[in-house]
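One structure below.
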């Protein structure tokens with residue numbers, strides 16, 4: 001690490017995007033490519049509805065201790081202090097405006113001022129009972145976006161056995177088994193360039209939608225014991241890292257709000273991470289191509305905790321636009337943005353080369369215990 005930091009400080013750090021790295025390995029061989037590369041940058045641009053927007057609002061006069069609050073009609077949770085507001089990224093399905101914290105975040109980043117309506121719990125120090133004002137991003141001293149599934153090791157291929165349209169977290173599916181949506185970028189994604197997310201842990205830096213984000217620990221659905229290939233790559237969604245980023249640093253180019261009919265609101269967020277080539281095994285894993293990596297095909301028409309698995313397909317087959325699984329021929333499309341992933345990957349390459357992004361080893365890895373513990377009644 002000391003050598004890598006010295007190279008970065010001297011402007012001599014050799015950084016390549018995952019796409020360029022794999023092309024170099026094919027052209028020159030793994031040994032030569034490894035000798036000429038210090039860091040590989042991997043990236044994702046995936047949809048998520050598991051997260052929240054945390055706003056710390058300033059004091060009012062007279063002071064108020066918020067208990068009920070709405071930002072532009074979206075109900076939030078007032079918690080932790082007189083002006084702490086939490087808005088979920090997901091939700092909005094049952095509301096006519098079909099909005100959540102995802103849409104509000106996008107509008108704040110666009111410079112809009114949103115109406116804020118709150119009710120208070122009267123106390124001797126906080127006598128105010130109502131608050132009606134407007135709120136813009138420059139009026140919020142501290143604002144954080146918390147993503148419970150910021151980085152996920154591998155993804156799924158979603159299809160539906162039911163006739164007609166089937167809503168899902170990745171968009172509508174047409175059945176029975178006509179279309180399929182794949183949620184992970186495959187080769188070049190963070191989780192399939194860095195198996196087990198073994199270079200991420202609390203305090204590890206990420207580039208989240210243009211802002212400097214930090215891993216805060218294992219995320220929702222963390223499954224480090226997922227089935228794996230001999231190479232170490234996960235065959236199903238495995239390790240998950242949660243992250244936080246300062247909202248004021250976000251760049252609108254790499255974060256978008258959306259609404260999936262029948263499911264609700266979500267964010268499309270581009271995230272990039274450096275993969276330090278500390279040894280040959282890491283270099284070999286980072287060189288895996290789309291034909292070597294696989295994703296599970298799941299039937300989302302079954303509303304049960306465990307979805308029926310129809311098999312696995314390679315990411316090369318998914319990118320071709322058609323796959324055959326269990327006798328069904330499916331038309332495939334990505335439910336993520338390869339373009340945004342490539343853009344934020346190139347941005348992180350530049351920042352690493354210019355010594356504008358911290359290069360560090362993780363202080364502690366993600367826990368080995370799974371966070372996906374079913375609730376039974």
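The table below gives the values:
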read-out	value
Among the candidates 48, 37, residue that is within 30 Å of residue 283 (Cβ to Cβ), touching a residue at least 40 places away in the same chain (Cβ under 8 Å), buried (at least 17 other Cβ atoms within 10 Å of the Cβ) and out of contact with any helix residue (DSSP H, G or I) (no Cβ under 8 Å at 6 or more places or on another chain)	48
Which numbered condition residue 106 misses (of (1) at pLDDT below 95; (2) outside any strand (DSSP E or B))	(1)
Cβ pairs under 6 Å, 6+ apart, first in the stretch 338-356 and within 12 Å of residue 188 (Cβ to Cβ), second assigned to a helix (DSSP H, G or I) and at pLDDT 95 or above	344/254
Residue list for the stretch 250-276, restricted to those being surrounded by fewer than 24 Cβ atoms within 10 Å (Cβ to Cβ) and either without any contact (Cβ under 8 Å) to a residue 40 or more places away in the chain or not in a strand (DSSP E or B) (or both)	250, 251, 252, 253, 261, 262, 263
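This table checks each residue for (1) free of Cβ contacts under 8 Å to residues at least 40 places away in the same chain; (2) in contact with a helix residue (DSSP H, G or I) (Cβ under 8 Å, 6 or more places away or on another chain); (3) surrounded by fewer than 24 Cβ atoms within 10 Å (Cβ to Cβ).
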{"site": "149", "(1), (2), (3)": "no, no, yes"}
{"site": "154", "(1), (2), (3)": "no, yes, no"}
{"site": "160", "(1), (2), (3)": "no, no, no"}
{"site": "186", "(1), (2), (3)": "no, yes, no"}
{"site": "193", "(1), (2), (3)": "no, yes, no"}
{"site": "203", "(1), (2), (3)": "no, no, yes"}
{"site": "212", "(1), (2), (3)": "no, yes, yes"}
{"site": "216", "(1), (2), (3)": "no, no, yes"}
{"site": "227", "(1), (2), (3)": "yes, no, yes"}
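The values are calculated or read from the model by the stated rules, or taken from the named source; none is laboratory data. As the structure is a prediction and not an experimental result, all values here were calculated from the model. Every residue, glycine as well, gets a Cβ built from its backbone with ideal geometry; the counts of neighbours run over all protein chains shown.
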